[in-house]
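Let me begin by presenting the structure, written as structure tokens, before commenting on it.
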Amino acid sequence: MKSGGNMLSEAFPATASDAGAVGFILSELRRISGAILWIQDRQSQMESGHPYLPALPGRSMIQVDLNRPVDVLWAAEEGLRCQSLGAIVAELWGDPRALTFTATKRLALRAERHKVPCWLIRRGASPDLSAARNRWRIASVPSHPHIHDSQAPGDPRWQVELFRSRTQAPGTWVASYDRAADNINFSAPFRDGALVQDDGTERRKTAR
């Protein structure tokens, strides 16, 4: 299972304030070389804040705050020209007029031409027409139990749904980041709103 690659992908958080998509994307970009260019429009800044850089040791990140979605898209497209960047993440709130199919097509073609992964985080948005190669719905779920402290959070997990893709079959999984192996594991699809029993945790209802 591949969640990204050198292409344009979109992530739709389960709720506008759910930070799961950020964690999932950063885990996906764990082995890239070069800095991450992280761009946000004004509404995204106000509602979700910035990535917490001290929690990302060893990762270089360039943050760009812009007022208008059209400027976010321009900055992302220009960033894809820069060979020293390892990835681009752009956060856009809602369904801005500037985010047309043509705009996503330009990003998709440039990402593939320059072999740089580009992610759009779409908070409070509808999955309208897009040229993104992979389109995800991502929700935070309870982490794995900590191996040394049952009261502490362990490795993070997400419910991820690949609802449209040009590279692989769509589906729903529990994705977890294994810190020891520095890897994302995809396993145990959700059934009837509960975690399946063989994923190593007690059964819990998930947020809808």
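Remarks
- For region 29-127: relative contact order, % (alpha-carbon pairs under 8 angstrom, 6 or more apart): 33 percent
- For the pair Q168 and H146 in one chain, pulling the backbone fully straight at 0.36 nm per residue adds 4.7 nm over the alpha carbon distance.
- Note on A16 and L129: the extension gain reaches 38.7 nm, defined as 0.36 nm multiplied by sequence separation minus the Cα-Cα distance.
- In nm, spacing of pseudo-spin labels at S33 and E78 (7 Å Cα→C-beta vector): 2.7 nm
- Compared with the direct C-alpha span, the chain from N183 to R42 gains 47.5 nm at full extension, assuming 0.36 nm per residue.
- Of all DSSP beta bridges in the chain, antiparallel share, percent nearest 5: 45 percent
- Prolate is the label for the chain, because a/c, from the alpha-carbon gyration tensor with a ≥ b ≥ c as root eigenvalues, is 1.5 or above and a/b exceeds b/c.
- Whole-Hz couplings from phi, Karplus 6.51/-1.76/1.60, listed for region 126-140; x for Gly and Pro: 9, x, 7, 4, 7, 9, 4, 6, 10, 10, 10, 10, 10, 10, 6
- Förster-model FRET efficiency, 22 Å R0, H114 and M61, C-beta, rounded to 0.05: 0.70
- Coil-residue chymotrypsin sites (Phe, Trp or Tyr not before Pro) of region 32-130, DSSP, other Cβ within 10 Å capped at 15: Y52
- Of the Cα atoms belonging to region 3-92, the radius of gyration and Dmax stand at 12.5, 34 Å.
- Residue by residue, region 90-103 carries 3J(HN,Hα) couplings of 10, 9, 10, 8, x, 10, x, 4, 5, 8, 8, 4, 4, 4 Hz when phi is fed to the Karplus relation 6.51 cos²θ - 1.76 cosθ + 1.60 (θ = phi - 60°); x denotes Gly or Pro.
Where a number appears in this text, it was derived from the coordinates with a stated rule and is not lab data. What you are looking at is a predicted structure, and each value in this text was computed from that prediction instead of being measured. Cβ coordinates were reconstructed from backbone atoms using ideal geometry, including for glycine residues, and neighbour counts include every protein chain displayed.
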